[in-house]
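Presented below is the structure to which this report refers.
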Amino acid sequence: MSLPQVYFIDFEGVRTNTSMIIKELSILEYTSKKISTFYVFPPISERHLNENAIKINEYLKHFRHGFSYTSGLVQYKRLKFIFEVFFRVAKASRNLFHIYVKGDEKCDVIKHLLSNFESVISIINLESLNCPKYELSAEFSKCLFYGKNKAHKYCSEAKIKFYCDWFSKQNEESTNKSEGIKGKLRY
């Protein structure tokens, strides 16, 4: 059996009355560093949101990611198909895929969307590896699509680049040492 393939997934979300949903999704394949990003329409109409969810989404729009609740390019119901395209090779080959995601809530959302792949996918919370919090920086904060929108401070592409860079540095350090985080890094 070959080494598992490694992916990083991050997203910017919005709120429904009961949960977080994906608004901007980025998937990075570790070996090639290729990134795919999708801008997602919400699965329910904004008119069905309660006042608290609307306030949270307005805050996120103005101070975090800059997306309005109703914007998007891809229907939410297509996310499972997108994941099917990315991970069908794992299912067919029965090779293990390691997917790194930061945060419990985001891990839960991704686990739900990848439930058809439980036997071949391992989702690892980067927090369990002591991955630092993403900090805005000139190096990572320029979003390819929304870089000129001042409200678009947190970009899922910038964040997975940051996490991947951190992971690579940890891997290099563990390769140079015989101990340390090496046992924790899975790929």
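The values are calculated or read from the model by the stated rules, or taken from the named source; none is laboratory data. Just so it is clear, the model here is predicted, and its values are computed rather than measured. Don't worry about glycine lacking a Cβ; one is built from the backbone with ideal geometry, like all the others, and counts go over all protein chains shown.
Observations
- Some residue of the stretch 58-72 being β-branched (Val, Ile, Thr), within 22 Å of Val14 (Cα to Cα) and in contact (Cβ under 8 Å) with a residue 40 or more places away in the chain: no
- Residue satisfying all of: in the stretch 129-187; part of a helix (DSSP H, G or I) and surrounded by fewer than 12 Cβ atoms within 10 Å (Cβ to Cβ); modelled with the lowest pLDDT among these: Gly183
- Residue among Lys106, Lys33, Lys111, Lys102 that alone is farther than 17 Å from Glu12 by Cβ, of a type in the set (Lys, Arg), within 15 Å of the chain's Cα centre (by Cα) and surrounded by 14 or more Cβ atoms within 10 Å (Cβ to Cβ): Lys111
- Qualifying residue in the stretch 27-48 (condition: within 26 Å of Cys164 (Cα to Cα), in a helix (DSSP H, G or I) and not polar (S, T, N, Q)): no
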